[in-house]
Amino acid sequence: MLVIALIGVLIAGGLIAWLSEGWNRDWPKWVSLVTIFLAAILIVPMFSLQPLVHQPDHSEWLLIYDYPWIPRFGISFLLGLDGLSLLMVALTVFLGLVALISSWDEIDKRPGFFQFNLLWTLAGVVGVFVALDLFLFFFFWEVMLIPMYLLIAIWGHERRAYASMKFFLFTQISGLLMLVSILALVLFAEALTGKLSFNYFDLVDLPLDESLSWWLMLGFFIAFVVKLPGFPFHTWLPDAHTQAPTAASVLLAGILLKTGAYGLIRFTLPLFPGAANDIAHVAMLLGAIGVVYGAIQAFSQDDFKRLVAYSSVSHMGFVLIGIYALQEITLQGSVMQMVAHGISTAALFMIAGALQHRLHTRDMNKMGGLWMDMPRMGAIALFFIVASLGMPGLGNFVGEFLVLMGAFQVDLHIAVFAALGLITAAVYSLIAMQKVFQGTPTQGRSLADFNSREVSTMLLMMIGLTLLGIHPQPVFDMVEPTLRGVFTLTSPAGTWLGVSP
Amino acid sequence: MSGLQLQALLPIITLSSLILIQMMFIAFARNLRLTVSISVIALLLTALSFFPMVDHLPISATPLIQLDGFALFYSGLVLLGALMVTFLSYDYLRDQGERQDEFFMLLLLSCLGALILVSSNHFASFILGLELLGVSLYTMMSYPTRGLFTLEAALKYLILSGVSSAFILFGAALIYAIEGKLGFTELAGMNHTSAASGQFILLMGSTMIFAGIMFKLSLAPFHLWTPDVYDGAPAPVTAFLATVSKGAIFALALRLFTTTGLIDLDPLLRGLSFVAMVSILAGNLLALLQDNVKRILAYSSIAHMGYLAVAFVVAGKAGGQIMAMEAASYFLFAYFLTTLLAFSVVTIMSIADHEVDTTNLGDYEGLFWRRPALAAVFTATLLSLAGIPLTAGFIGKFYIFSIGVAAEAWLLMAFVVIGSGIGIFYYLRIIFAMTKAPRTDVKIEIPTASGWVAVVLTVSLVLFGVYPSPIIDLIGELMISFG
């Protein structure tokens, strides 16, 4: 019941937060805080779960729940938790906390409804990470969009109407393509097995016709790559990120993008292993273009949030390369990159939000010399900028390094091209640092530095990134069974060695 | 006529006699509350009168009426719609002067026509139901004396609807000329029996009937009346037109086309497919240009009828019939809930205004801050129209997708995907308008009856969006006894 309780707590917390606004405008954020702490408490025991060895079909899973839901279509309320899901769920709740803290003093309009949307986004994302029934997965996939749309549309910045609409349209249309694919897959599977079922375990690696399998795969692939976002489907992201309130940017960059990568690993690869191999080369190329293109775009931005947004396009390109290089170390690297990028980008957006809150601008040309005014913020920003450009010893480096190392063996040209991204990352990151925090400070400006609440959140994230950087093995071990399963399906001839750098 | 057959006519008899009783009361003891109470009792009693025959389906009562699970389901929808519209109309008309009682009688008459339509198995009962429904509806549209727009709407609908009825009649005549029969069941498989020269006339006839029906369902290219009539008619009447009237005619069309085998006519099927695509595209694209909530809902209903027409196309393919009817039934159920809810919000917004309905997008700005609950309800409605999960509309859309994919109608599915994508744009525009800063601080009063209607419908909308199995099972059981 742990997973259901987790989703239930977030949903209930959202409703209570909304209602509590009627009594006191300060309550909703406290309700939210309590809810997220409760959720965190529920996650702790999940780490001690052992695989379900006594269930031969799901021997690699930690938890499986299966309740009938819509029997007419063979749809069940099927939730499963394995190492990958658990890692993502934990990241979700952690970044939920970060999002809450980052918006602690920022929201003065309808705080209750804001917290409601925040918590429901988290609930939707947790659902996405644990749903194993394809219908249920699609359900959560769509559910997480609406509160996020409202967060951007109501509390966003000056061009919020445009940005929120674009975000919704991109994800919705690609989602519908996925729905068509899901339905077609289910119906063709019914023709093969005689059983109408949306159950993940019934659909994995079916002997489908090759061209059919390719088209079905494409539906999933596009939906996930839009979310990732991969080049050329990334255009919604800079707008959405820039216009979103800080908390929504943190959630978007930190976890919503990861649902795309998660979907690729969990669904696209195992459901269509053959077709995945066919598209692997194209996907890697898209990833590499994303890496370089994102970096170039980031370099030419004046808007700090937009810069971070484009850097996300660049970093998530590595994830795409890693997944489709289909090597064990690249898969591990991708997961590591997902977690590390989630944390570092969330931190950068939190800094961007803090800057906007204090200076009422995101234009980097109007900043400069802020280190003198806010030394704590400056130091912390330096840490995360260095982390995001891939400094050895921090999590991002491990991810990108593993991806490049594995990709090198698969396709030399793509790997070399993508490696350019590491250099450009250093350029745009350091220039941003220089424009914002160094230089001559404006006279007569008094700005509040990070307070203890913000510093402690940042500290948590810094510890997290450092741990990932110097001792990544626990994460590798955690997701190893999942990735091994994916690897054996997609590369039947390959051998799985186990990563231990 | 056996007892069982008499029983099958019981709902019609019940409703007719209660309409007479209501008329007497209006004549001798005029009281709006009493009239409305009789309306509610009449609708509930009619619903109850269906129960004794549930175990004996299907029953043919005279060649005109065929009561089966299909008819039962749509009768239920019609009664539900009529009941909700009765409550809405009560709030809407209450403060509009004294002569409002007859409106409720017309509403019941219209509902009677719809009941006849959904169970009719013969061209005679078809025309009878259609006219009973239509004539009462014209009057209902022009009944509230709120400016000239209602008159314009009523007149437009009267003329165009009259023309389409003429088309249907002439089509039926053509079919009769070749086959010499008018009962749907007797006409089964007619296109296989007649000679080649007859074939052409049959096709002409069925195309004319088809055109008439498309007009009533506001499918493109016969949709031109829809926005004006939706906009001009009083909000509760628009709700009735959008749900009860269209639902009943759709049910009849589905029965007509499947029983008589018209659906097997290849040109007709291709025409339907084309109409579905054009409706989806036209409805969604034209809705983008509107700044009026009722007109947006009008165009959105054109698109929704287009989605529904997918069911027709699938029903024409081998083996798709049962699944298509199931899908259409759920889609229509969700459409009923959603549309009724949308218009109950419009009604609530419009009650304070005595001139015209409150339909400008600007009037909805800031609703989230003025009346959060009402805005949340409207948001749920719009999301349901857009087919987003947690709402019944999603399951309906899911059904349409699943039959389309099962029938491998890929082109049609592409249109549904594109249409849904465009649709999101204008639904979100309304939601976004509601989140803006309010223009006025005038308090919006929520009247009791309409408020409850909104609550009941919202709960059902979410409940059947999250847990649709009861309705799916019900539809599955009822569809077995079709025919």
Please state the charge dipole magnitude for chain B, taken about the Cα centre, from unit charges on C-beta atoms (+1 on K and R, -1 on D and E), reported in debye and rounded to the nearest 20.
400 debye
Between B:LEU155 and B:VAL40, with labels modelled 7 Å along Cα→Cβ, what's the label distance in nm to one decimal, could you check?
3.7 nm
Per the charge dipole of chain A (beta-carbon charges, Lys/Arg positive, Asp/Glu negative, Cα centre), the residue among A:HIS413, A:SER48, A:ALA387 reaching farthest to the positive end is A:ALA387
In the neighborhood of A:VAL250, defined by Cβ-to-Cβ distances under 13 Å, what is the net charge if each Lys or Arg adds +1 and each Asp or Glu adds -1?
0
Can you compute the label reach from B:VAL459? Point 7 Å from Cα along the Cβ direction, backbone N cut-off under 18 Å, restricted to region B:85-112.
B:85, B:87-88
Quick one: which residues, 5+ away or cross-chain, put their amide H under 5 Å from the amide H of B:HIS122? H built at 1.01 Å from N.
B:PHE184
Partner chain coverage, peptide B:399-406 - average Cβ within 10 angstrom:
4
Please report B:GLU365, A:GLU142, B:GLU131 as a ranked list, fewest other C-beta atoms within 10 angstrom at the top and most at the bottom.
B:GLU131, B:GLU365, A:GLU142
Could you size up the charge dipole of the protein assembly as shown around its Cα centre, putting +1 on the beta carbon of Lys and Arg and -1 on that of Asp and Glu, and report it in debye to the nearest 20?
1600 debye
Taking beta carbons within 10 Å but only from partner chains, what does the mean come to for residues A:106-112?
1
Assuming R0 = 22 Å, what is the FRET efficiency of A:THR361 and A:GLU106, from their Cβ-Cβ distance, to the nearest 0.05?
0.90
Cβ-derived FRET efficiency at R0 41 Å, B:THR62 paired with B:SER469, nearest 0.05:
0.70
Treat the count of other C-beta atoms within 10 Å as a stand-in for reagent exposure and order B:TRP369, A:TRP61 from fewest to most.
B:TRP369, A:TRP61
The set of residues whose placed amide H lies less than 5 Å from the amide H of A:LEU63, leaving out same-chain residues fewer than 5 positions away, is A:LEU81
Excluding residues on the same chain fewer than 8 positions from A:LYS305, give the aspartates and glutamates whose Cα lies under 17 Å from its Cα.
A:GLU106, A:GLU158, A:ASP239, A:ASP363
Over region A:272-493 - Rg/Rh using Cα atoms and the Kirkwood inverse-distance radius:
1.03
Select from chain B the helices, each a whole stretch of DSSP H, whose alpha-carbon atoms run 24 Å or more along the helix axis and whose Kyte-Doolittle mean is at least -1.0; answer none if there are none.
B:3-28, B:32-49, B:69-93, B:101-119, B:123-142, B:149-179, B:196-216, B:266-287, B:293-315, B:321-350, B:410-435, B:448-466
What is region B:216-270 by shape, rounded, prolate or oblate, if you read a ≥ b ≥ c off the alpha carbon gyration tensor as root eigenvalues and call it rounded for a/c under 1.5, prolate for a/b larger than b/c, and oblate otherwise?
oblate
Packing-based exposure ordering (other Cβ within 10 Å, fewest first) of B:ASP101, A:ASP202:
A:ASP202, B:ASP101
Name the residues whose placed amide hydrogens come within less than 5 Å of the amide hydrogen of A:ASP303, ignoring near sequence neighbours (fewer than 5 apart) on the same chain.
A:MET364
Average partner chain C-beta neighbours within 10 Å, per residue of A:146-156?
3
Name the residue from A:ILE279, A:THR171, A:GLY263 whose Cα lies farthest towards the positive end of the charge dipole of chain A, charges +1 on Cβ of Lys and Arg and -1 on Cβ of Asp and Glu.
A:THR171
Can you compute the charge dipole magnitude of region A:272-493 about its Cα centre, using +1 on each Lys and Arg Cβ and -1 on each Asp and Glu Cβ, nothing else charged? Give it in debye, rounded to the nearest 20.
660 debye
In chain A, whole DSSP H helices that both stretch 30 Å or further along their axis by alpha carbon positions and average at least 0.0 on the Kyte-Doolittle scale are A:160-193, A:273-299, A:304-325, A:328-359, A:412-437
Full-extension gain in nm, A:LEU430 to A:HIS157, via 0.36 nm per residue minus C-alpha separation:
95.7 nm
Relative contact order (percent, whole number), chain B, Cα cutoff 8 Å, 6+ residue spacing:
16 percent
Ranking B:GLN7, B:THR379, B:MET84 by how far each Cα lies towards the positive end of the charge dipole of region B:3-480 (+1 on Lys and Arg Cβ, -1 on Asp and Glu Cβ), the top one is B:THR379
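Every number here is computed from the coordinates shown, using simple stated rules; none is lab data. The structure presented is a predicted model; accordingly, all values stated were derived computationally and were not measured. All Cβ positions, even for glycine, are placed from backbone atoms using ideal geometry, and neighbour counts span all protein chains on display.
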